[in-house]
Amino acid sequence: MRNNEATMMAVMTTGNGGYDKLEYRAVPIPAPGPNEVLLRVLAAGVNNTDINTRLGWYSSSVTADTGATAKTQEADAQQKADGGWKGATPFPLIQGTDCCGTVVEIGKGVVRDLLGKRALVRACMRPNGYEVMDNVWMASDFDGAFAEYVKVPASEVFPVFCEWTDEELATIPCAYGTAENMLQRAAVGVGDVVLVAGASGGVGSATVQLAKHRGAKVAAITSKEKFGQLHKLDVDILIERGEDLITRLGQSSVDVVVDNVAGPKFTQMLKVIKPGGRYVSSGAIAGPVVSLDMRDMYLKDITLIGCTAWDAVVFPNLVSYIERNEIRPLVAKVFPLEQVAQAQQEFMRKTHFGNFVLVPPRHLN
């Protein structure tokens, strides 16, 4: 049994602001309560959610894209009462939405079979059941995986049996969970034409893979220098960022738009959707405030779908895809945990393809 005064190294986010709000320091190891487990973190992914939470980007007072908000917060950090997903973020907070870990302790009421299992943590949790949209998120509502250990409800731990590395598994939870949830809600199936904005990022590249897995035809928007990497994912149509979508694809040409970019291109997105088509989003990194011509929506019977809470089938689906080797991880770069600021700075430059991963100090025990 470990000492109750034992500590671990963690990245503590102390408030809304710039990279100076990320403090790598020793903190107590949490103890699992009833129906909880403690995992030793093997690897943790880097994603937009963690950055946006630190910046307070979810506040209604923020209208700029993520990059512009980062510059503003770096220069003049301000606490935001509505900067988190459901109001104020509970700082100080250990962030880290993506976790691959090993179960090392269990609380009362948890089956012992979980001990020693390598597992992924479902980051989006539905504590009141899947009949309502209430949800809580690891690393936004309670401490996450930018640490040597993390405590989570046992119901959110999914053992995974595969030959993937820890770093590869850590690319999955947030990016692939978000992508699978959007495709599930939009009922993407065989023969659908799906347009993916921001296709080279973590969620975008996951969406490309998962849409192809469902039998869809995929058109992907990215920078020209990343065409080769997306071509390897069997993309059907490559579109250079900034290209006019109506000219390139034609009006009413796609069944589903998966758009976590938004910003100025939003108006073109609706015009290329077919009558009866679907637009689905769980983000807006190019700007959350867009111009909507209602006629583009209602005259074509378009369904607009917002996605935050994950549906029940999403994570079990992903685990089955991994274990059957039907998808592939895209690790762009691995950093030591203490280099979280450098990882997020490089992440924000958006020159990478796939996902960044942080690795905490290795344990001997």
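The values are calculated or read from the model by the stated rules, or taken from the named source; none is laboratory data. Every value quoted in this text rests on a predicted model; they were computed, and no experiment measured them. Note: ideal-geometry Cβ built from the backbone for every residue, glycine included; neighbour counts use all protein chains shown.
Residues checked against (1) at pLDDT 95 or above; (2) more than 20 Å from Lys350 (Cβ to Cβ); (3) assigned to a loop (DSSP other than H, G, I, E, B):
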{"site": "Thr49", "(1), (2), (3)": "no, no, no"}
{"site": "Asn52", "(1), (2), (3)": "no, no, no"}
{"site": "Ser61", "(1), (2), (3)": "no, yes, yes"}
{"site": "Val104", "(1), (2), (3)": "yes, yes, no"}
> Which one is surrounded by the most Cβ atoms within 10 Å (Cβ to Cβ) among residues in the stretch 240-255 that are in contact (Cβ under 8 Å) with a residue 40 or more places away in the chain and in contact with a helix residue (DSSP H, G or I) (Cβ under 8 Å, 6 or more places away or on another chain)?
Replying inline: Val254
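Per-residue answers, yes or no, for (1) more than 25 Å from Gln229 (Cα to Cα); (2) among the hydrophobic types (A, V, I, L, M, F, W, C); (3) touching a Pro at 6+ places or on another chain (Cβ under 9 Å); (4) touching a residue at least 60 places away in the same chain (Cβ under 8 Å):
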{"position": "Asp259", "(1), (2), (3), (4)": "no, no, no, yes"}
{"position": "Thr267", "(1), (2), (3), (4)": "yes, no, no, no"}
{"position": "Leu270", "(1), (2), (3), (4)": "yes, yes, no, no"}
{"position": "Pro275", "(1), (2), (3), (4)": "yes, no, no, no"}
{"position": "Ser291", "(1), (2), (3), (4)": "yes, no, yes, no"}
{"position": "Leu304", "(1), (2), (3), (4)": "yes, yes, no, no"}
{"position": "Cys307", "(1), (2), (3), (4)": "yes, yes, no, yes"}
{"position": "Glu326", "(1), (2), (3), (4)": "no, no, no, yes"}
{"position": "Val340", "(1), (2), (3), (4)": "yes, yes, no, yes"}
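Please give the helices (runs of 4 or more DSSP H) falling wholly within the stretch 162-223 in which 1 or more residues are among the polar types (S, T, N, Q) and within 29 Å of Ala43 (Cα to Cα). Steps first, please.
Numbers: elements: 166-169, 173-185, 202-213.
Per the criteria, 173-185, 202-213.
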> Restricting attention to the stretch 172-190, which residues are over 20 Å from Gly96 (Cα atoms) and of a type in the set (A, V, I, L, M, F, W, C)?
Replying inline: Met182, Leu183, Ala186, Ala187, Val188, Val190
